[in-house]
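The values are calculated or read from the model by the stated rules, or taken from the named source; none is laboratory data. Note that the structure is a prediction, hence the values are computed from the model and not measured. Cβ: placed from backbone, ideal geometry, glycine included. Neighbour counts: every protein chain shown. What goes into the accessible areas is simple: the full protein's heavy atoms, side chains included, and nothing from ligands, DNA or RNA. Shrake-Rupley method; radii C 1.70, N 1.55, O 1.52, S 1.80 Å.
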Amino acid sequence: MTSITVFDGAESIGGNKIHVEEDGRGVFLDFGTNFGKTAMFFSDFLQNRTSRGINDALALGIIPQLDIYRSDLRPSDVKTAGYPHLNVEAVLLSHAHVDHCGAIGYLDENIPIVTSATSIAILKGMQDTTLISTDVVYLGKKEPSDQKGLMVKSGGEELIGRNFYATTAPSSKLNDFLADKPKGPKSKKTMTPGLLSHYEELDLPFEVHAYDMDHSIYGAAAFLLEGDATIAFTGDFRLHGKYGSTSKKFVSAAKSASVLIIEGTRVERSGESKDDDTISEESVRETCCSTVESAGDDLVIADFGPRNFERLETFQAIAQKTGRQLVVTAKDAYMFLALDCADHACSMNNVQIYDELKDRRNIKWETEVVMQQFGNKYLSSDKINAAPEKYILCFSTYDLKHLLDIKPDSGTYIYSACESFSESMDLDFKMLWNWLEYFKFDVKGFCVSEENGKETVSFDKEYHASGHASQKDLAWTIDTINPEVIIPVHTENPAWFTEKWENTRIVHNGERVEF
Ligand SMILES: [Zn+2]
């Protein structure tokens, strides 16, 4: 008998924590951050206290009340022994978006991660550059301090890596990257990497097969788990991207599945079909390219989702065609090097690195790695100011402070990422708008306008192709796989599935179903 328990992510976009078990042996499908739940209690100025280990996230229900977490994050006043103990032999991680992987850092460090080599490289790059705040790839052990309930670092500077099992044969380059943590000559920091091996080497409770999927980050995977029941898990995916045909290979293989766990991001809560499935990566390239062409002598800024390397390559092609150069941040350049350790090498041809005004004394990943490798590619704010028509800057909201150093007279800003889906995101867009108004930018892709004395944010769909399958493509996927049971996750509207397929089984958070 196979059981599936959805601990989180059933009725929200993100936060997947799905446990699949057979004969007392189990795995998690993803173990991500639920941003909605986190935002209920925390913000920039009220944060989860790392000195209290798992306490805050556990007490507030941000992570499920289970006995599966790192013992070194358990303060003396937190008793998890009374919580159910699950057998977790691995996390099968679909991709490196934080809403799928962000809570792995809390899990017992002996639980290995099965994911693509590309995702492993991206996760390591993210942790090195502090783009992810939890210890997904490596951790510094903690221990209780003499003050009750507080955790402090133990073992000085020793970092220990988790074990990773890649879904494709990992390269020695990736092995070296996992073993390396930029640290500076005087640091005593040591890194003991975990094991890096191929997933066929790992004895799992199911016969597991991984498939590449097309999504808005490279390295996305879907999984087929063969046990008493055959379970297909899509992760996040789309069919309309450049690599849509890879997702279709999974759909074909999943025809053997009796249970399909499928994402439903683009099924709007209202159930109304506002979904536009005519926008492809190719049409986005055409729209953005003609915008850059008509920008004339203006500076162009392209703002796309974090680590959306495919969109970055789209802008690389646009830069080439329009005789401009792409300028990325040092973190992006570090991620290029990380990707180079896996199967996805992005080219740094025709790419420069924005030379941010900052104190780099403690930024070892930049001084030891990026500057060593690409020192000749750094470009100062003055150079951009002198010839703005030569560049496309890859910036997002948080990089706009650099405009105070570049001092452009005007410019074109292309917003090429997902729409706002919450009031707090609306506030961020209003702030972004203020910056762009201040610097007299012509803005494409979104707009803040005033209606009845109230500011509203709207988006131009032509500038972004979603990373998720359209409603039509979700329907095609389900009808083609034709499973006995459909379990929707990663959606705010599971009822959309129930209305269309009577074999939909809505599994609420915390609920367990058996097959
Ligand atoms: Zn995703």
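Extension gain for the segment L195 to T130, taken as residue separation times 0.36 nm less the Cα-Cα distance, is 21.2 nm to one decimal.
Take the Cβ atoms of A81 and F42, set R0 to 30 Å, and the FRET efficiency comes out at 0.65. For the chain, calculate the relative contact order in percent as a whole number, restricting contacts to Cα pairs under 8 Å that are 6 or more residues apart. Reported relative contact order: 18 percent.
For the stretch 186-201, the Karplus equation 6.51 cos²θ - 1.76 cosθ + 1.60, evaluated at θ = phi - 60°, returns couplings of 8, 6, 9, 4, 10, 10, 9, x, x, 6, 10, 8, 8, 5, 5, 7 Hz by residue, with Gly and Pro reported as x. Taken one residue at a time, the phi angles of the stretch 444-453 give Karplus couplings (6.51, -1.76, 1.60, θ = phi - 60°) of 10, x, 8, 8, 10, 10, 9, 10, 6, x Hz. Gly and Pro are set to x. Candidate cross-link partners of K248 among the lysines, defined by an alpha-carbon separation under 21 Å and a same-chain spacing of 8 or more, comprise K472. Rounded to 0.05, the FRET efficiency of the D67 and S410 pair, given R0 = 41 Å and the Cβ-Cβ distance, is 0.10. Does the stretch 29-107 classify as rounded, prolate or oblate by the C-alpha gyration tensor (a ≥ b ≥ c root eigenvalues; a/c under 1.5 gives rounded; else a/b over b/c gives prolate, otherwise oblate)? It comes out oblate by the Cα gyration axes.
For a straight C-alpha distance cut-off of 16 angstrom, the lysines reachable from K377 (same-chain residues fewer than eight places away being disregarded) are K331, K390.
Sparse packing (at most 10 other Cβ atoms within 10 Å of the Cβ) combined with a DSSP loop state is found for the following chymotrypsin sites (Phe, Trp or Tyr not before Pro) in the stretch 20-55: F45.
With every protein chain in place and a 1.4 angstrom probe, the accessible-area ranking of T115, T190, T504, largest first, reads T190, T504, T115. Please get the size of the charge dipole for the chain, origin at its Cα centre, with Cβ charges of +1 on Lys and Arg and -1 on Asp and Glu, quoted in debye to the nearest 20. About 1600 debye. Bridge orientation summary for the chain: considering DSSP beta bridges with both residues in this region, about 50 percent are antiparallel. Shown here for the stretch 11-118: trypsin sites (Lys or Arg not before Pro) in loop regions (DSSP other than H, G, I, E, B) with at most 16 other Cβ atoms within 10 Å, namely R49, K79. Quick check on the stretch 115-262: of the DSSP beta bridges with both residues there, what percent are antiparallel, nearest 5%? So the antiparallel bridges amount to about 60 percent of the total. Site pair E389 and N376 shows an inter-label distance of 2.8 nm when each label is modelled 7 Å from Cα along Cα→Cβ. With contributions of -39500 (n - 2.57) from each DSSP H run of at least four residues, the per-residue ellipticity at 222 nm computed over the chain stands at -7000 deg cm²/dmol. Remark: accessible surface ordering of T50, T491 (largest first) is T50, T491, probe radius 1.4 Å.
Once you mark the GluC sites (Glu not before Pro) that are in a DSSP loop and have at most 14 other Cβ atoms within 10 Å, what is the longest gap between them in the chain? Free of exposed loop sites, the longest segment is 273-483. Per residue, the stretch 357-515 exposes 53 Å² of solvent-accessible protein surface, assessed with a 1.4 angstrom probe and all protein chains in place. In order along the stretch 472-488, the Karplus-derived 3J(HN,Hα) couplings, from 6.51 cos²θ - 1.76 cosθ + 1.60 at θ = phi - 60°, round to 4, 6, 5, 5, 4, 4, 5, 5, 6, 5, 6, x, 6, 10, 10, 10, x Hz, and Gly and Pro are given as x. Distance between the 7 Å Cα→Cβ label points at S283 and V513: 3.3 nm.
The modelled label-to-label distance between E158 and M431, using points 7 Å beyond Cα along the C-beta direction, is 4.1 nm. When the P(r) of the chain is calculated, the portion above 47 Å amounts to 9% of the C-alpha pairs. Full extension of the chain between D23 and T367 yields a length gain of 118.8 nm, computed as 0.36 nm times the residue separation minus the alpha carbon distance. Taking amide H atoms as placed 1.01 Å from N in the peptide plane, the amide H of D442 lies under 5 Å from those of G411, T412, Y413, each 5 or more residues away in sequence or on another chain.
In terms of its alpha-carbon gyration tensor, the stretch 73-215 comes out oblate; a/c meets the 1.5 threshold, while b/c is at least as large as a/b.
Taking a ≥ b ≥ c as the square roots of the eigenvalues of the alpha carbon gyration tensor, the stretch 434-513 is prolate, as a/c is not under 1.5 and a/b beats b/c.
Using a cut-off of 28 Å between Cα atoms, the listed pairs K153/K430; K79/K142; K148/K186; K37/K242 include K153/K430; K148/K186; K37/K242 as exceeding that distance.
A full extension of the chain between S458 and S294 corresponds to an added length of 56.8 nm, given 0.36 nm per residue minus the alpha carbon distance. Taking trypsin sites (Lys or Arg not before Pro) across the stretch 81-156, the ones in a DSSP loop with at most 11 further Cβ atoms lying within 10 angstrom of their Cβ are K148.
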